Amino acid sequence: MSFEEYAALARQLADHRRAGERDAAAESERRRDLYAAADYLHQRLTAQGQRLDQLGRAIGVDQPPMPETSAAPPDPWTPPIPPTAPGPSAPPASAASSPWAPPGSSVPPGSSVPPGSSAVPGSSAAPGPRDGDFAGAAGAPGRAGVGAYSELPAGQARLALPTAVSSAGVGLPTQRAAVVDPVVELELARRMADEADRHGQQAELLAQRPALLPTWSPLARAVAVYAACGAAGGVLMLTLVLASGIGLVDGFTLGAWICAGLPALAFFGGYLVLGRWGRPAMVAGTPPRYLPLGFAICFLLVPLGYCAYLVLFRALR
């Protein structure tokens, strides 16, 4: 080897070394980026889990208990392993020297057995399986002409595909597991985290709305509730007026209920309704119930309704 060839080889080795160092540095940087992205996703998912727990407690849903881990039950399709029986004694030397003799049979020295025959020369017994042996297709009734299952030669047996025994299929070739790209998996996890954030924000917006008239403002909701309770008090007032007309209620009781009893019942009824169905599931502090406005509506609506009833009754008479 000349000096120029040696120098070219050295330069080539140096280039390969520098390329390997660059590849190693790039792989190290890639792994650091993957670890950083995985840590960020872990922190983000942990925060999402805590926020979902808060939402569940706010709406009254407890966290489900974790299932207890138990040992996996045995596979019912796994056959039991039979006990190992002691192996048969070694065949005599005469049987081992014959290439056509089956295992466990004795062939007299000097006898010739044709290929494919399993009977001992000179025996009158029909060829067949021994007691306790599996004869394969040759042992089936009516299949005398079919031979036993063929065996692969030694060279082909080494080239046989590896098989995996499973409950779904026995003797099927094993499948190679697909290679998972961590970059793709992290990107899918990030997209799912973004989707979870979007659904979480929608859930928070829904949790900040009350069950009663969710699209209305708090003032309009309070006015509607107090007015509905005052209208219900007006219906009870008309019932008391009709009962007073037939002599079941005297004038003093009727006036007390119209001026104080029914307005107070309407006011407290609206107060309780706003507290029960007008409160959002997640709200900071106590929502306003507009007590002065409700008091004015209830204590003015029932007496005004009674006055309107009297005016209408006298006008119709």
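When residues in the stretch 273-300 are screened for being in a helix (DSSP H, G or I) and exposed (fewer than 13 other Cβ atoms within 10 Å of the Cβ), 4 of them pass.
Taken over the stretch 194-223, the criterion of being among the hydrophobic types (A, V, I, L, M, F, W, C) and surrounded by fewer than 15 Cβ atoms within 10 Å (Cβ to Cβ) is satisfied by L205, L206, A211, L219, A220. Note on the stretch 3-57: among residues that are surrounded by 11 or more Cβ atoms within 10 Å (Cβ to Cβ) and among the charged types (D, E, K, R), the one that is farthest from the chain's Cα centre (by Cα) is R30. Tell me whether the stretch 266-273 contains one or more residues that are aliphatic (A, V, I, L, M) and within 14 Å of L301 (Cβ to Cβ). Looking for residues that are aliphatic (A, V, I, L, M) and within 14 Å of L301 (Cβ to Cβ), one finds at least one in the stretch 266-273, hence yes.
Every number in this text was worked out from the coordinates using simple rules, so none of it is lab data. Here the structure is a predicted model, which is why all the values come from computation and not from measurement. Here the Cβ is made from the backbone with ideal geometry for all residues, glycine too, and neighbour counts use every protein chain on show.
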